[in-house]
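Encoded as structure tokens, the structure appears first; notes follow it.
The values are calculated or read from the model by the stated rules, or taken from the named source; none is laboratory data. Keep in mind that what you see is a predicted model, and the values were worked out from it rather than measured. Positions of Cβ are backbone-derived with ideal geometry, glycine not excepted, and every protein chain shown enters the neighbour counts. Note: accessible area is taken over every heavy atom of the protein model, side chains too, but ligands, DNA and RNA are not part of it. Shrake-Rupley method; radii C 1.70, N 1.55, O 1.52, S 1.80 Å.
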Amino acid sequence: MGMSSINTNISAMTALQSLQQTSKDLLTTQNRISTGLKVASASDNAAYWSIATTMKSDNDALSTVQDALGLGKGTVDVAYNAINQSITLVGQIKDKLVAAASPGVDRSKIQSEITQLQDQLKGIADSASFSGENWVSVDSSVSGYTATKTIVSSFSRTSTGTVSVGTISVDTSSSVLFDSSTASGAGGILDSQRSTTGAIVTTGGTSVMSIDISSLTDSASDQDILNGYIAGVDAAYQQMTTAATNLGSAQKRIDLQTDFVSSLMDSISTGVSQLVDADMNEESTRLQALQVKQQLGVQALSIANQSSQNILSLFRS
């Protein structure tokens, strides 16, 4: 049987320590429930907090990458739509040139229609701008111009902590419809000079935009000129089709990368959750147990404090 003392109440001290620990555990559980986090600060778990903080930062960077991909996709879409619309108009120009090959037609009236189509082609190309970027109407003589456009597509971190930013490159050299540069050999699909076979030449040819059949007659020489125009327009049509195909491929790649980045962000969020999020089912169960334990601790401390009164009763007569 243990010694009873009025100077040192061992039972009360033990009960008090137990109650204090229970109160501390209860406060921790309440904080987890209120914040939803089991690791809210470095003091909770330094290793997990460090990893989670870095992963959250990387996820924010990936969110920026997602925005950059959206911006790049918009630029590619605008260029693609401009070329797609231009293909239709160039096809109409070719149809009218073929119609003009028939003897006796009024080529001046046909030319008035062609002129309207030519103006529309220029208007489409000049307005095909997204966020200040125009890939189909350019000036290659401007300082810093490059036909290879880059789109930020990824953010990664190695095991050593080294970070890197990935990009998607889109070669727009074959997609330029107009190039206002006066440098030798410069020109786009529609403003480059073409020979009677449709090949691009530096001198002596006629561009799609400068075709004029209003003065042509039914003579054999004029018919040869007209056939050369048709060959040039058809060559431009084929080039534009290839350009649209290339831009379509770029659109597809950007879409795939956007889906991947979105999936990667979800995976990282899940990983962070596993590290720092509290299990609310577990915490709610623990909360109820600790509340009961706290009530029992208060009762135990009360009983322990009454032991001094029991000693006093021994001295009563």
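The table below lists the values:
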{"item": "Lys, Arg +1 and Asp, Glu -1 on Cβ, resulting dipole of the chain about Cα centre, debye, nearest 20", "result": "1720 debye"}
{"item": "Packing rank of 117-128, 269-280, where each peptide gets the mean count of other beta carbons within 10 Å, highest leading", "result": "117-128, 269-280"}
{"item": "Segment 146-299: mean projected area of Cα convex hull, nm²", "result": "17.9 nm²"}
{"item": "Furthest towards positive pole of dipole, 104, 197, 285, structure part the chain, Cβ charges", "result": "285"}
{"item": "Heavy-atom accessible surface of the chain: percent carbon and sulfur, 1.4 Å", "result": "52 percent"}
{"item": "Å² per residue, accessible surface of segment 14-87 at 1.4 Å", "result": "53 Å²"}
{"item": "Histogram of C-alpha separations across segment 144-187, 5 Å bin width, %", "result": "5, 16, 17, 17, 11, 9, 9, 6, 5, 4, 0"}
{"item": "Which label in [x] 30, 56, 14, 0; [y] 23, 28, 18, 14, 10, 6, 2, 0; [z] 30, 60, 11, 0 gives the computed P(r) over Cα pairs in 20 Å bins from 0, in percent", "result": "[y]"}
{"item": "Net charge dipole size for segment 58-128 [Lys, Arg +1 and Asp, Glu -1 on Cβ; Debye, nearest 20]", "result": "560 debye"}
{"item": "Cross-link pairs 73/252; 73/149; 149/252; 24/56; 94/122 - those with Cα-Cα distance over 19 Å", "result": "24/56"}
{"item": "Where the Cα pairs of segment 22-111 fall when distances are cut into 10 Å bins, in %", "result": "13, 18, 14, 12, 11, 9, 8, 8, 6, 2, 0"}
{"item": "Average accessible area per residue (Å²) across segment 108-246 - probe 1.4 Å, nucleic acids and ligands excluded", "result": "50 Å²"}
{"item": "Residue-averaged [θ]222 nm for the chain, counting only DSSP H segments that reach four residues, each worth -39500 (n - 2.57)", "result": "-22000 deg cm²/dmol"}
